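Below you'll find the structure, written out as structure tokens, and then a few comments.
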Amino acid sequence: MPSLMPNAANAASMVSSKTESTVAPEQTTLWDKTEQWWMDLWLTPDQQAQRLFNRGDYKQAAAHYQKPLNKGIAYYYSGEFKLAHSAFMQDNTPKGLYYAASALARQREYVAARALLRQLNELPDLDRVLQQNIAHNLKVITAIIDEINIMSESQANSLDLDQEVSIELP
């Protein structure tokens with residue numbers, strides 16, 4: 001099963017922008033159709049998806065995965081955070097909801113991510129490692145929200161001061 005934890009090979013690709021280049025859609029050749037027929041004959045959709053995921057074709061892997069958690073992880077790796085969030089919410093397990101909060105944070109939906117993490121933090125009988133990760137992310141996202149609020153207050157206050165001090169030069 002894939003994990004949201006990046007490895008060295010794909011960490012850089014997760015950070016890069018999706019809008020770096022526009023690629024024309026490839027036409028499906030007879031060879032591609034034959035290869036897909038062969039894969040369908042011998043591999044389950046999840047096996048095909050794992051093969052694609054291992055090659056770094058995350059978006060195609062997401063299309064093949066049957067389980068929402070795996071589908072969400074593949075979308076997350078491809079940078080499709082809205083689709084990842086949607087898939088994780090379908091999983092409806094603590095781990096899936098934790099990943100959904102991560103997808104929300106990647107979309108800069110910090111308040112919603114914090115609310116989801118708070119909800120998860122109150123669940124009894126969570127895995128110890130998951131509980132630690134939830135607590136850590138809750139702390140980080142709360143700090144981000146606090147920083148945004150401080151910056152917003154600072155900018156609001158600076159606008160008031162600038163308006164009072166502003167004079168027209170001759």
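In the range 41-63, which residues are under 18 Å from the mean Cα position of the chain (by Cα) and part of a loop (DSSP other than H, G, I, E, B)? Passing the criteria: GLY56, ASP57.
Looking at ALA63, ALA49, ALA74, just one residue is at pLDDT 95 or above and either out of contact with any Leu (no Cβ under 8 Å at 6 or more places or on another chain) or open to solvent by less than 50 Å² (accessible area, probe 1.4 Å) (or both), and that residue is ALA74. Candidates are the residues of the range 82-139 that are surrounded by 17 or more Cβ atoms within 10 Å (Cβ to Cβ) and assigned to a loop (DSSP other than H, G, I, E, B); the one that is modelled with the highest pLDDT is GLU109. Only one of the numbered conditions (1) assigned to a loop (DSSP other than H, G, I, E, B); (2) under 12 Å from the mean Cα position of the chain (by Cα) is not met by GLN66, and that is (2).
Within the range 11-31, if we keep just the residues that are at pLDDT below 65 and open to solvent by less than 90 Å² (accessible area, probe 1.4 Å), the residue that is nearest to the chain's Cα centre (by Cα) turns out to be MET14.
The values are calculated or read from the model by the stated rules, or taken from the named source; none is laboratory data. A quick note: this is a predicted structure, and the numbers were derived from the prediction, not measured. FYI the Cβ positions are ideal-geometry reconstructions off the backbone, even for glycines, and counts take in every protein chain you see. Accessible surface areas use protein heavy atoms only, side chains included; no ligands, DNA or RNA. Shrake-Rupley method; radii C 1.70, N 1.55, O 1.52, S 1.80 Å.
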